[in-house]
Structure formats: structure tokens, C-alpha cells
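Worksheet for the structure shown next.
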Amino acid sequence: MRSVSVHRRMLGVADMSRDRLLADIVAMSPSALDDWQRCPRLYLNRHILGLPASDGSATAQTGNLVHDLLRYLHGLGDCHDPALRLATLENHGVDDHPTVGAMLDHHAARCPVGATAVGHELEVVRLSRLGRVWIGSGRLDAVWIHDGILDVRDYKTGRVRDGDLADDARAQFQAWLAQPLAPELPIRVRYEYLSEAPDLDPLEYEPDADDLERVERELGATIDAIRDAASAGEFTGVNETETCRLCAYRSICPDSAVAAEPTWPLPDDHVD
Ligand code: SF4
Ligand SMILES: [Zn+2]
């Protein structure tokens, strides 16, 4: 019979002490990076502990629905066809939804005509060896090739961000992840705000190779900071009203700046 230590070696965890929080090779995604930048405790809860959300969000539900609808729509055919958009809404029972129909219309007005689809809801993985090795992964909402560029779209259903997209760590990360898909082409990341009319000026980020190498180094430095936090066991919450009021753990977090009731189902009967 194999010993426990043999099983642990087979699983690649031979050197992992009982209280270590991170693996030797850290995995990072744009959404995890965003959570880390919002609040270290949020990052801990979601990406290390894997806690289910204690607080719901109608905005997140709409966002997930629209992402699903767009993937389905592009699987049906050309999203510029109004009949296909209507069929998509009807097939999902949301043809009378107050907002998602308009979001599909807004998308179609922005979707490149005659482009080659690299993928929708495309899972990408990339290894970084610039410093300590880490793995980046993420899901790109849509990737197209057209007009000599690799066009990476991120569908947004929330508020339009302020400032330059070149300063957005998520957009930078997405561009770095997408780079191997077409190394010979320039990359453009565009945030597509589906609630907004198509005449909104597009938010775009067009990095060159030097920019992406700098992005990779900065991501590596951030991951080193997360390693340090994990070693020290310090993931202190930000305790800021603006951040906490939208947090998926606001009702259970001891560092929360807002009071809330968990949406977790609670037992009716319990033994004292
Ligand atoms: S409630 Fe606030 S402090 Fe707690 S994890 Fe969420 S954002 Fe961080
Ligand atoms: Zn489209």
C-alpha cells in the first residue's frame, strides 16, 4: 500500500506544508488580479479559499446572461441578422426582458463585419518565465481577426470606466494572454459597453511588444506581492464603503464597511 507521502508526491504537493496557501506555480487570471487590486481579502475568499458568494448581485446575473446569449448568437450565425438576435432571445425565454435585447442590438452595431472569429468565450493559458514561473489564464469574450489586427473584445454590462484603458490592469492582462494567438499581428483590446448606445467612443488599448513585456514584468511583481501576503497570512480587507457595498462577501466579512444579510440559505431549524 502506498504511503500518504507517495500520494502527495504523485499529486505534485510533496513540498506543500499543511498551512501553505499558494502552490509553487501561482495561477492568475484577469478577474483574480482585479479582485486582488480591489481588496486582498476578497482575493483570499474567492481565489484561495474558494468560498461561495454570500451576497447576490443582479448586475452579475444580467452580465452572465448576456455573455451566454452572445456566445449562443454567434454560434447560430451572423449577429447582424435581426432575426437571429430575436431567435436567441426567444430561445432563452427573455424576448420581453427590459434590457438584454437592446444590449444584443448594441453589440451587433459594434461587431466587425466579415471578420474571422478566433473564438467566443475562449479559454487561454500562458506561462510566464520572466521571473519566478507563474501561469496566466482567462476567458476572452470574443476574439476576431480583421483589418490586420487581433481584436479582443470584453463585453461589459456595467458602468463605463473612467480613464485610459491602457492603465487598466485587466485589459493589459488580456492583451498579454491573447498575444500568442496571432504573434504576427498587432493586438487591440476593446471594452464593449453593451448598455451604451453604439455612438459611445470605444475604449481601446493597443500595446506593442515592449508594452506587453513590461505588462508581464508588472504582473510578475504583483504575483510576488501575493506570495508575500500568503507567506505572512495577511489578506487584510480594504474596509471601504464603495468597494464593500458591491462585494460578494460583504455580509460575512469582518473587515466589511457595510452591513448586509447573507443570501446563503440558512437552516430553519438548528440545534443550540
Ligand atoms: S467586504 Fe470589503 S473588506 Fe471584506 S472582502 Fe469584500 S471588499 Fe474586502
Ligand atoms: Zn457579433
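The values are calculated or read from the model by the stated rules, or taken from the named source; none is laboratory data. This structure is a prediction, so every number in the text was calculated from the model and none was measured. Counting neighbours? That spans all protein chains shown, and the Cβs are built from the backbone with ideal geometry, glycine included. All accessible areas refer to the heavy atoms of the entire protein, side chains included, with ligands and DNA or RNA removed. Shrake-Rupley method; radii C 1.70, N 1.55, O 1.52, S 1.80 Å.
Annotation: of all residues in the range 127-141 being touching a residue at least 12 places away in the same chain (Cβ under 8 Å) and part of a loop (DSSP other than H, G, I, E, B), the one that is surrounded by the fewest Cβ atoms within 10 Å (Cβ to Cβ) is Leu130.
Let's see how each residue does on (1) in a helix (DSSP H, G or I); (2) within 12 Å of ligand 1 (Cβ to nearest atom); (3) under 23 Å from the mean Cα position of the chain (by Cα):
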| residue | (1), (2), (3) |
| --- | --- |
| Asp199 | no, no, no |
| Arg214 | yes, no, yes |
| Glu218 | yes, no, yes |
| Ile223 | yes, no, yes |
| Ser231 | yes, no, no |
| Val238 | no, yes, yes |
| Ala248 | no, yes, yes |
| Ser256 | no, yes, yes |
| Glu261 | no, no, no |
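Would a scan of the range 224-237 turn up a residue that is touching a helix residue (DSSP H, G or I) at 6+ places or on another chain (Cβ under 7 Å) and within 30 Å of Val66 (Cα to Cα)? Scanning the range 224-237 turns up no residue that is touching a helix residue (DSSP H, G or I) at 6+ places or on another chain (Cβ under 7 Å) and within 30 Å of Val66 (Cα to Cα). Of all the listed residues (Leu51, Leu21), the sole one being of a type in the set (A, V, I, L, M, F, W, C), within 12 Å of ligand 1 (Cβ to nearest atom) and either farther than 19 Å from Ala257 by Cβ or assigned to a loop (DSSP other than H, G, I, E, B) (or both) is Leu51.
Here Pro98, Pro112 are screened, and the one residue that is open to solvent by less than 40 Å² (accessible area, probe 1.4 Å), out of contact with any helix residue (DSSP H, G or I) (no Cβ under 9 Å at 6 or more places or on another chain) and outside any helix (DSSP H, G or I) is Pro112. Just one of the listed residues (Arg85, Arg46, Arg71) is more than 16 Å from ligand 2 (Cβ to nearest atom), of a type in the set (Lys, Arg), part of a helix (DSSP H, G or I) and out of contact with any Phe, Trp or Tyr (no Cβ under 6 Å at 6 or more places or on another chain), and it is Arg46. Among the residues making up the range 49-68, a single one is within 16 Å of ligand 2 (Cβ to nearest atom) and either of a type in the set (Val, Ile, Thr) or buried (at least 19 other Cβ atoms within 10 Å of the Cβ) (or both): Val66. The set of residues in the range 227-255 being closer than 13 Å to Arg41 by Cα and of a type in the set (D, E, K, R) consists of Glu234, Glu240, Arg250, Asp255.
Looking across Val124, Val118, one residue alone is of a type in the set (Val, Ile, Thr), touching a Ser or Thr at 6+ places or on another chain (Cβ under 8 Å), surrounded by 13 or more Cβ atoms within 10 Å (Cβ to Cβ) and in a strand (DSSP E or B). It is Val124.
Return a yes/no flag: does the range 25-43 have any residue that is modelled with pLDDT of 90 or more, away from ligand 1 (no atom under 16 Å from the Cβ) and not aliphatic (A, V, I, L, M).
The first filter runs over the range 25-43 and keeps only residues modelled with pLDDT of 90 or more, leaving 25-43.
Still in the running and away from ligand 1 (no atom under 16 Å from the Cβ): 25-30.
Within this subset, residues satisfying the condition of being not aliphatic (A, V, I, L, M) are 29-30.
The answer is yes, given that some residue of the range 25-43 is modelled with pLDDT of 90 or more, away from ligand 1 (no atom under 16 Å from the Cβ) and not aliphatic (A, V, I, L, M).
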